[in-house]
1. Which number do you get for Rg(Cα) / (2.2 N^0.38 Å) in the stretch 116-216?
2. Tell me, Kirkwood radius of the stretch 148-298 from alpha-carbon pair distances, in Å?
3. Please state the shape class of the stretch 206-247: rounded when a/c is under 1.5, otherwise prolate if a/b exceeds b/c and oblate if not, all from the C-alpha gyration tensor.
4. Taking K and R as +1 and D and E as -1, what net charge do the other residues with C-beta under 10 Å from the C-beta of V155 add up to?
5. Which whole-percent values make up P(r) of the stretch 37-133 when all C-alpha to C-alpha distances are grouped in 5 Å steps starting at zero?
6. Only Cα pairs within less than 10 Å get springs; with that Gaussian network setup on the chain, which residue of Y216, Y30, Y269 has the largest fluctuation?
7. Principal axes first, then extents: for the Cα atoms of the chain, list largest minus smallest coordinate on each axis, whole Å, largest first.
8. Could you work out how far helix 96-108 tilts from the main Cα principal axis of the chain, as a 0 to 90 degree angle to the nearest 10?
Amino acid sequence: MTRIAFIGLGNMGGPMAANLVKAGHAVRGYDLVAAHLAQAAEAGVSPADSAEACVRDAEVVITMLPAGKHVVEVVSGCLPAIPKGALIVDCSTIDPASARRVHEMAAAAGSPSLDAPVSGGITGAAAATLTFMVGGEEAAFAAGRPILEAMGKRVVLCGGAGAGQSAKICNNMIAGITMIGVSEAFVLAGKLGLSAQALFEVASTSSGQCWALTSYCPAPGILPGVPSSNGYKAGFAAPLMLKDLRLSQEAAASVGAATPLGARAAELYSQFTDRVPADRDFSGIIEFLAEADHPASG
Ligand code: NAD
């Protein structure tokens, strides 16, 4: 049993904290939104009334927050209250530079730290089947691994500080680009008079095979239980994909890497998210690409 402070109990953090409770840990939680805190309390998380109160006796502090600025703000605000030597783990998806800053702040305060973003979405968070991509020192990884394993099925040490975030944004750049490629193929197939099922049968066992096609097919009615078969309700909301694509573009610019398709994917997701509700799944971009008059066709 480990005393864990969990800050950020939203769509992902709520179920992740609940899984830590199920694994027998003593979890104290904090969120700015009272309703999220109340929901976590129903799952056995002890509610705290501030971030500082949340971390006070913790052996491990976990953050699951929207973006880098929130993580930097919360960790720097809490550091004086975090017991020296407690492990700090950020599971949010943030820019690698902010992630490294959090590592530096933690080290200066005498705490080991990990960046440990996740893949697997809200269903993975609920089922404790997330993949964790981890950056940090080996000793911190060894200490954090059993805690992460209570929330996921795969935990990979990717390298030093920030390496988890680097892996996450590279992976999601692949997912964004391939989702557009698969969607374009289905739109073209339809205009050529080829059925979506026929394209799926061929491409899923040919060189077009990829996760966006065979696990998350954007064409409706092909796979059960994916957003395309549920009116494109997220799932993984398009604004989150746009956020990750922008993070990958910032990272690419900072190191001079050429990512022309990543850049185009970010533009297309920006146009798409301007036109749809914020909870539209990222695979819904197929509908945007199918419109004859969308900005991308000009
Ligand atoms: P969310 O918006 O549902 O949850 C974030 C929570 O943080 C909210 O409850 C919010 O109230 C809380 N919060 C914000 N600022 C705070 C502060 N200063 N103090 C305390 N609480 C604060 O977002 P989410 O979907 O849970 O995503 C969290 C992170 O995980 C993001 O970085 C996201 O990119 C990443 N992620 C999300 C998914 C997904 O499918 N939703 C998948 C992988 C990774």
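Where a number appears in this text, it was derived from the coordinates with a stated rule and is not lab data. Nothing here was measured: the structure is a model prediction, and the numbers come from that model. Note that each Cβ is placed from the backbone with ideal geometry, even for glycine, and that neighbours are counted across all protein chains shown.
1. 1.39
2. When all Cα pairs of the stretch 148-298 are included, the Kirkwood radius is 16.4 Å.
3. oblate
4. +2
5. 3, 13, 22, 24, 20, 14, 4, 0
6. Y216
7. 64, 43, 33
8. 10
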